[in-house]
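First up is the structure itself, then whatever we jot down about it.
The values are calculated or read from the model by the stated rules, or taken from the named source; none is laboratory data. All values reported here derive from a predicted model rather than from experimental measurement. Because the Cβ atoms are built from the backbone with ideal geometry, glycine has one as well, and the counts that use them run over all protein chains shown.
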Amino acid sequence: MTLTAETTALKVQLELAEGWFTACDLDALLPGRGAAVLLPDGRQAALFRDRSDRLYAIDNRDPFTGAAVLSRGLTGTHEGRPFVASPLLKQRFDLVGGECLDDASVRVAAYAVRLARPEPA
């Protein structure tokens, strides 16, 4: 997808139990990089925009260390599955479902993501 002036006003939203939460402007996300988002309940999500403009969101807390660092991990693909590798111990987490690709007994929360136009003022 090519972004134009018309699409840069789009908001990235995550689906939480309470409904859709506006996390940031789409243009705040750099392709291939992650960003940490503070959720209303105090937890953090790691939000990613890949180089094909697909959006993903998972819990930012690394379950192996307890540190909120997944948003700073390296992204890639393994057998067609997009992942982020923790910057600490390098475990890879699937960006679609949150499963750890290196330990099937571990997973992080994954969130549905959508784009929305801002509400008129």
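Evaluate the following for TYR56: is it surrounded by 14 or more Cβ atoms within 10 Å (Cβ to Cβ), modelled with pLDDT of 95 or more and in contact with a Lys or Arg (Cβ under 9 Å, 6 or more places away or on another chain)? Yes: the conditions hold for TYR56.
For the subset of the range 40-53 comprising residues that are surrounded by 16 or more Cβ atoms within 10 Å (Cβ to Cβ) and modelled with pLDDT of 95 or more, which member is farthest from VAL108 (Cα to Cα)? Here the residue is ARG49. Within this structure, GLY66 fails the test of being farther than 27 Å from THR22 by Cβ, at pLDDT below 95 and of a type outside the set (A, V, I, L, M, F, W, C). Taking the criterion of being exposed (fewer than 15 other Cβ atoms within 10 Å of the Cβ) and without any contact (Cβ under 8 Å) to a residue 40 or more places away in the chain, the residues of the range 102-121 that qualify are ASP103, ALA104, SER105, GLU119, PRO120, ALA121.
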